[in-house]
Amino acid sequence: MNVETLNCPNCGAGVESDRTQCEFCRTRLKTVACPDCLGLMFFGNKFCGHCGAEATVAETSHDNASGKCPRCQIELVKLDIAENELRQCERCDGMWVDVETFENICADREKQSAVLYFVAKKQPIQEGRPKISYVPCPDCGQLMNRSNFANSSGVIIDVCKKHGVWFDANELPKIIDFIHRGGMELAREKERIDLEAERDKLRDERHQMARDDQRLGAGGIWDVEERTTIGQFIRKLFD
């Protein structure tokens, strides 16, 4: 990690970015990324020392239409973080993100940084996952599916395909860290390799069955309906 000299948000003294406490006023320090330029800054600074951008502030509102926390069953609080609309449980710090917002966060480093800046304000929570259970979608009430994000991140999230994703506390930052480390690119490459392997397997099976047909002198061991079904399956591999 590159060490920079930053200004303490409490006394303004110069402090190296790898320090966890100001040596002058003893304020506890934590570095976060600027939402605009992604440069390092101490949490609590009002402006970025690199580009001058104002630190991200989350606007909150209580709305009965926000739905209930799938785990605590209390009303969620709406958050507006740099044009990202999320919903949070004030008891367990879980977050609900709709499909479109989640796609935007995954694709935009500035949005990722803004969310991480907000999460940095929260007090550290105890490690360990909540008890494994299927929880309801805050929007439709249907039980959500549990999924390993990108099939390789190791972060198990709760997904409603129609409405969004539920993140238990600290799961969304872990997802963003996974993306920053190139996890999405590696997952896509693995999916491409697996797809090509499946295509090669199907091709070999078709060739073997064609050879069997010729050896048996049959007109074909697949009828028209079976051939159509297999053709549809193969086309799906390219969709």
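Given the criteria modelled with pLDDT of 80 or more, under 26 Å from the mean Cα position of the chain (by Cα) and either outside any helix (DSSP H, G or I) or within 30 Å of Asp93 (Cβ to Cβ) (or both), does Ala187 qualify? No. In the condition set (1) within 21 Å of Asp177 (Cα to Cα); (2) modelled with pLDDT of 70 or more; (3) among the charged types (D, E, K, R), Glu110 is compliant with all but (2).
Taking each residue of region 4-29 that is outside the structural domain of Asn45 (by TED's automatic domain parsing) and looking for partners that are at pLDDT 85 or above and acidic (Asp, Glu) with beta-carbon atoms closer than 8 Å, six or more apart or interchain, yields nothing.
To keep it simple, each residue is scored yes or no on (1) touching a residue at least 12 places away in the same chain (Cβ under 8 Å); (2) in contact with a Phe, Trp or Tyr (Cβ under 8 Å, 6 or more places away or on another chain).
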| site | (1), (2) |
| --- | --- |
| Leu143 | no, yes |
| Phe149 | yes, yes |
| Val155 | yes, yes |
| Glu171 | yes, no |
| Ile176 | yes, no |
| Gly182 | no, no |
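Of all residues in region 100-125, those that are over 21 Å from Gly39 (Cα atoms) have Cβ atoms under 6 Å from Cβ atoms of residues that are at pLDDT 65 or above and among the aliphatic types (A, V, I, L, M), 6 or more apart or on another chain, in Phe102/Val165; Ile125/Ala169. Checked against the criterion of being farther than 19 Å from Val99 by Cα and in the same structural domain as Thr101 (by TED's automatic domain parsing), the candidates Ser153, Ser133, Ser147 yield just one match: Ser133. For region 195-212, state whether one or more residues are part of a helix (DSSP H, G or I), farther than 30 Å from Cys106 by Cα, outside the structural domain of Arg109 (by TED's automatic domain parsing) and modelled with pLDDT under 75. For region 195-212, residues part of a helix (DSSP H, G or I), farther than 30 Å from Cys106 by Cα, outside the structural domain of Arg109 (by TED's automatic domain parsing) and modelled with pLDDT under 75: present.
Residues in region 130-153 that are at pLDDT below 90, part of a loop (DSSP other than H, G, I, E, B) and not aliphatic (A, V, I, L, M): Pro130, Lys131, Ser133, Ser152, Ser153.
The values are calculated or read from the model by the stated rules, or taken from the named source; none is laboratory data. What you see is a predicted model, and the numbers here were worked out from it, not measured in a lab. We place every Cβ from the backbone using ideal geometry, glycine too, and count neighbours over all the protein chains shown.
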